[in-house]
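The values are calculated or read from the model by the stated rules, or taken from the named source; none is laboratory data. Note that the coordinates shown come from a computational prediction; the quantities given were computed from them, not determined experimentally. Virtual Cβ from ideal backbone geometry, glycine too; neighbours counted across all protein chains shown. All accessible areas refer to the heavy atoms of the entire protein, side chains included, with ligands and DNA or RNA removed. Shrake-Rupley method; radii C 1.70, N 1.55, O 1.52, S 1.80 Å.
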Amino acid sequence: MDSIHIYGGNLLKGETRIQGSKNAVLPILAATLLVKGTCIIKNCPRIADVYHMQNLLQELGCLVSWAGNTVTVNAAQASDNRMSGESVTRMRSSIMLLGAMLGRMGEVVMSYPGGCVIGRRPIDIHLAALRKMGVEIEEEEHMFTARAVRLQGAEVKLPFPSVGATENVILAAVLAEGTTVLENAAREPEIAALCEFLAAAGADMEGIGSGRLVIKGADRLHEVKYTVPADRIVAGTYMTAAMAAGGSIFLEQAPSNQLGALLKAAEEMGCCVTINKEGIGMDVLRRLKALPYLKTEVYDGFPTDLQSPMMAVMALADGQGIVEENIFENRFRVVGDLVKMGADIETVRNKAYIRGVEKLTGAAVEAEELRGGAALAVAGLAAEGRTVIKNRHFIERGYEDICRDLRDLGADASIG
Ligand code: EPZ
């Protein structure tokens, strides 16, 4: 069965190591296309989205192999420039290959990645930015062809700091002719990780980590070894698990410097947080106070990817709170199942009004997307009795082994 079984109601206790970052490694795997040789990527999470990116790279002619959590990619023979529709629509982050393929092959035939449960997820910002860099794009109903004899460095100002569009501009700029100045770039830590990977391969970049990047096109990139940083969203998810269920946990490798917004919220609600170079410790020894208002923002505001798990925490806090989702237009899908477990939540457009309840009760629920699924696991840990979460495969897109990790933290969690 494609489900997760959780017997909740117990305090968490224990420690677990945080996996490598999904949203850092996906653009980095795309970037290996720009190296006509071998890249070795360590601490790569074994998750469905990475396996899918591996398949896409192999479709393009790359050799990809694994040893533990180390992936080796040899893109020397990469040549194909077509991405099959099924491949692209199965995983939206395939759009990240656009910039890299333009940099390597000069022409890409790709179907539109399409939307997903959380939103329409258009790519207008990506295409407008690439057009500024000399890319000709012919759009058809379900697919488009992008071609550039030689990508040109350009002044590009994004209308919105889109993470994916920022990554595509970076991937197109590193081998372009001339210099690209990218303004209003996304500042999510995964962008800095991509830039560090590219710089290690010989790219010439200034402003890494800031909203203004200056990228001087290089003639080529060379082979590189790189270690993927820890996944801030996985770490944040497990922090919300302790916030919902209570107890004392330690999250090894958790990147506290990238979780400021959640750490601030946790302390406001009454958690006792310990931060050191090994990771993040959390003690939650009494019912949390409600957070009156929480809104999702671009980095370094509260991350949209932790909005659903935080909803599960706020459902049990003492008092009322409002969650405002500002990044995706449909990211309250999990509310129905949280209500089924006893939560008191109403949504009006992009706001969720939450009245904390004393307890949740285990139920049969269904994940509809990655972070909503994770939120149901968080709620299940706090709920009395058994929670069965169907559609585990959504959760496995981003969490290497959520049951293993939650068992490390003392939970009764298993796959069913
Ligand atoms: C990345 O998605 C992440 N995915 C998402 O994580 C994350 O939620 C998101 O950034 C925001 O932080 C990966 O890195 C693989 P955006 P991305 O472009 O690049 C709109 C997860 O759970 N937009 O910053 O798609 C868009 O519709 C996933 O791990 C346009 O309108 O995010 C959305 O409303 C979910 N036109 C908003 O901007 C465009 O051309 C943010 O999108 C591009 C985006």
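Magnitude of the charge dipole for the stretch 104-183, about its Cα centre and with charges confined to Cβ atoms of Lys, Arg (+1) and Asp, Glu (-1), is about 200 debye. If I take R0 = 35 Å and measure r between the Cβ atoms of Arg349 and Asn257 in this structure, what FRET efficiency does the formula 1/(1 + (r/R0)^6) give, to the nearest 0.05? Given R0 = 35 Å and the Cβ-Cβ separation, E is 0.55. The 3J(HN,Hα) values that the Karplus relation (6.51, -1.76, 1.60; θ = phi - 60°) gives for the stretch 245-250 are, in residue order, 8, x, x, 10, 10, 9 Hz. Gly and Pro appear as x.
Mind checking which aspartates and glutamates have their C-alpha under 14 Å from Lys277, skipping anything on the same chain fewer than 8 residues away? Once the sequence-local aspartates and glutamates are set aside, what remains near Lys277 is Glu252.
Note on the stretch 276-299 and the stretch 27-84: Cα centroid distance 35 Å, given to the nearest whole angstrom. Using C-alpha pairs under 8 Å with a sequence gap of at least 6, the mean separation divided by the residue count of the stretch 179-255 gives a relative contact order of 28 percent. In terms of the Cα gyration tensor, with a ≥ b ≥ c the square roots of its eigenvalues, is the stretch 72-173 rounded because a/c is under 1.5, prolate because a/b exceeds b/c, or oblate? Rounded. In this label model, Ser65 and Ala192 are separated by 3.5 nm, measuring between points 7 Å along each Cα→Cβ vector. For the pair Ser414 and Thr38 in one chain, pulling the backbone fully straight at 0.36 nm per residue adds 131.6 nm over the alpha carbon distance. Of the residues Gly99, Phe328, Thr145, the one whose Cα sits farthest towards the positive end of the charge dipole of the chain is Phe328 (charges of +1 on Lys and Arg Cβ, -1 on Asp and Glu Cβ, taken about the Cα centre). Modelled spin labels at Val149 and Thr361, positioned 7 Å past Cα toward Cβ, are 7.1 nm from each other. Under 5 Å between amide hydrogens, built in the peptide plane, is the criterion, and for Gly319 it picks out Ala290, Gly356 among residues at least 5 positions away or on other chains. Remark on Met143: its backbone amide H falls under 5 Å from those of Tyr112, a criterion applied only to residues 5 or more positions apart or on other chains, H modelled at 1.01 Å from N. Looking at the chain, the DSSP beta bridges with both ends there are about 70 percent antiparallel.
In a reduced charge model with +1 at each Lys and Arg Cβ and -1 at each Asp and Glu Cβ, the chain shows a dipole moment near 320 debye about its Cα centre. Under the Kirkwood approximation for Rh and a Cα-based Rg, what ratio Rg/Rh is obtained for the stretch 22-227? Rg divided by Rh gives 0.92. Derived scalar couplings between HN and Hα for the stretch 224-237 equal 8, 10, 8, 10, 6, x, 5, 8, 5, 7, 5, 4, x, 4 Hz in order, rounded to whole Hz, by the Karplus curve 6.51 cos²θ - 1.76 cosθ + 1.60 (θ = phi - 60°), x for Gly and Pro. Shape of the chain from the C-alpha gyration tensor: prolate (a/c of 1.5 or more and a/b above b/c, with a ≥ b ≥ c the square roots of its eigenvalues).
When the listed pairs Lys295/Lys359; Lys264/Lys289; Lys13/Lys390; Lys13/Lys295 are checked against a 18 Å cut-off, the alpha-carbon distance exceeds it for Lys295/Lys359; Lys13/Lys390; Lys13/Lys295. Contact order, relative form, for the stretch 22-227: 21 percent (alpha carbon pairs under 8 Å, 6 or more residues apart, mean separation divided by residue count).
Taking 0.36 nm per residue of separation and subtracting the current Cα-Cα distance, fully stretching the chain between Thr227 and Glu140 would add 27.4 nm. A 1.4 Å probe run over the protein chains yields, for the stretch 72-144, 43 Å² of accessible area per residue, whole-number rounding. The string of couplings for the stretch 171-188 from the Karplus curve (6.51, -1.76, 1.60, θ = phi - 60°) is 5, 7, 7, 5, 10, 6, 8, x, 10, 10, 10, 9, 9, 6, 5, 5, 10, 4 Hz, one whole number per residue in order, with x for Gly and Pro. Straight-line reach from Lys340: taking Cα to Cα under 17 Å and skipping same-chain neighbours fewer than 8 places apart, the aspartates and glutamates in range are Glu358, Glu366, Glu368, Glu384. Using the Cβ-Cβ distance between Glu324 and Arg286 with R0 set to 30 Å, the FRET efficiency from 1/(1 + (r/R0)^6) comes to roughly 0.65. Near Glu366, the amide H atoms lying under 5 Å from its own belong to Lys390; only residues 5 or more places off or on other chains count, and H is placed 1.01 Å from N.
Surface composition of the stretch 1-86: carbon plus sulfur atoms contribute 51% of the solvent-accessible area (1.4 Å probe, protein chains only, all chains present).
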